[in-house]
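The values are calculated or read from the model by the stated rules, or taken from the named source; none is laboratory data. All values derive from a computational prediction rather than experimental measurement. So basically every Cβ, Gly included, is an ideal-geometry build from the backbone, and we count neighbours across all protein chains shown.
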Amino acid sequence: MMMKFFTLLLCLVSYFGCVQGLYRPVVLWHGMGDTCCGKESMMKVQQVIKDLLPGIYTYSIMLGDDENQDKKLSYFGNINDQVEQVCQTLKNDENLKDGFNAIGFSQGGQFLRAYVQRCNDPPVHNLITFGSQHSGVSDIPGCSNNDRLCQLMRTIARRGAYSNYARSHIVQAQYYKDPQHLDTYLQQNIFLPDINNELDNKNETYKTNLKSLNKLVLIRFTEDITVIPKETAWFSFYNSEGVLLTLHEQPLYNEDWIGLKDLDENGKLEFRDCEGAHMQISIEYLQEEIIIPYLSFDISGEINSNLYDNIFEQARKKLSLNIQE
């Protein structure tokens, strides 16, 4: 009897999700050294989403012609060119024409934010970022011993992140921010000062577009030692004296350069923690902290919310029993 009940619940969820197309699509942008389609990363995330939200359309961003190029371009390339390419790709996808939710993993988070600020066509509803370097990094991220591309990137970047080559060809150099040389950072970094509106000429479109979000969810990993400082995930960063300033202590917020203050005052800016090291995300966390609160709401709002919530919760409990990490 119980199995029939769960089957009915799943059919109802599937019917509402598939036939009426109520779920907003979800776009993912992976992090450094990953690819669009890694079986234990982005493919797994997509599957968890689809298991809970049957019929939902998901798209994982790939740069280049295959996974090998995609991984290489997460280290070597011009971020501005990459964001422009993604803007065109997403605009051409008919499945996204009415807007979508977006999840950025590590550096993919600030890249998706750049998409929102510069393009946002089609528009993003909720933007969720995991361990992203929104205010930059004070050291080039570390590498695993067997990742030669990463080691090559790190060697070049640490020799001179603001050199003519590194600043336009090394992805991580384009969000590197030396707190001891902020003037050089503002003059030489081709990406981060622009999207954070740190330059004298402020781009009002960036602010307008970011303010249009329904939610901006900033997730910090509590034990992150890959990203320095880990609080950059919440827009915190060091001043020239090495003191870590929170977002609320910076002109970025107080003068509202990109709309964060407006989002905050309207209850649209959220600061969340994820227990663990960089990019260590459990399936349970994805289900309960991300998919249900931010991705599961229907577009039309025509379904009775109490009925829908009950169906969804029961289906989630069944599905969670079948998913192993």
Somewhere in the stretch 289-309, is a residue modelled with pLDDT of 95 or more, touching a strand residue (DSSP E or B) at 6+ places or on another chain (Cβ under 9 Å) and of a type in the set (D, E)? yes
Might you check whether a residue that is in contact with a His (Cβ under 7 Å, 6 or more places away or on another chain) and within 16 Å of S138 (Cβ to Cβ) occurs anywhere in the stretch 239-258? no
Identify, please: which residue in the stretch 152-201 is among the polar types (S, T, N, Q) and under 24 Å from the mean Cα position of the chain (by Cα) and is, among those, farthest from T35 (Cα to Cα)? N197
Restricting attention to the stretch 272-293, which residues are among the hydrophobic types (A, V, I, L, M, F, W, C) and under 16 Å from the mean Cα position of the chain (by Cα)? C274, M279, I281, L286, I290, I291
Criterion violated by I56 - all others in (1) buried (at least 21 other Cβ atoms within 10 Å of the Cβ); (2) closer than 30 Å to E241 by Cβ satisfied: (2)
Tell me which of these K318 doesn't satisfy, since it passes every other one: (1) modelled with pLDDT under 90; (2) of a type outside the set (V, I, T); (3) assigned to a loop (DSSP other than H, G, I, E, B). (3)
Within the stretch 204-223, tally of residues that are assigned to a loop (DSSP other than H, G, I, E, B) and either surrounded by 22 or more Cβ atoms within 10 Å (Cβ to Cβ) or touching a strand residue (DSSP E or B) at 6+ places or on another chain (Cβ under 9 Å) (or both): 4
Mind counting the residues in the stretch 17-40 that are modelled with pLDDT under 90 and either hydroxyl-bearing (S, T, Y) or in contact with a Pro (Cβ under 9 Å, 6 or more places away or on another chain) (or both)? 2
Y162 fails exactly one of (1) in contact with a Ser or Thr (Cβ under 8 Å, 6 or more places away or on another chain); (2) closer than 27 Å to I103 by Cα, namely (2)
Being under 30 Å from R24 (Cα atoms), assigned to a helix (DSSP H, G or I), modelled with pLDDT of 95 or more and of a type in the set (D, E), is that true of even one residue in the stretch 225-241? yes
Taking the condition surrounded by 21 or more Cβ atoms within 10 Å (Cβ to Cβ) and either among the hydroxyl-bearing types (S, T, Y) or without any contact (Cβ under 8 Å) to a residue 60 or more places away in the chain (or both), does Y285 pass? no
Name the helices (runs of 4 or more DSSP H) wholly within the stretch 16-115 that hold at least 3 residues that are aliphatic (A, V, I, L, M)? 42-52, 79-91
Residue among Q287, Q280 that is assigned to a helix (DSSP H, G or I) and under 30 Å from S144 (Cα atoms): Q287
The condition of being over 16 Å from the mean Cα position of the chain (by Cα) and among the polar types (S, T, N, Q) holds, among T232, T226, only for T226
If Y253 satisfies every condition in (1) more than 19 Å from S132 (Cα to Cα); (2) without any contact (Cβ under 8 Å) to a residue 24 or more places away in the chain but one, which is the exception? (1)
Subset of the stretch 134-162, residues among the small types (G, A, S) and at pLDDT below 90, comes to G142, S144, A157, G160, A161
Selection status of N201, touching a residue at least 60 places away in the same chain (Cβ under 8 Å) and not in a strand (DSSP E or B): no
Please determine whether any residue of the stretch 97-108 is charged (D, E, K, R) and in contact with a Pro (Cβ under 6 Å, 6 or more places away or on another chain). yes
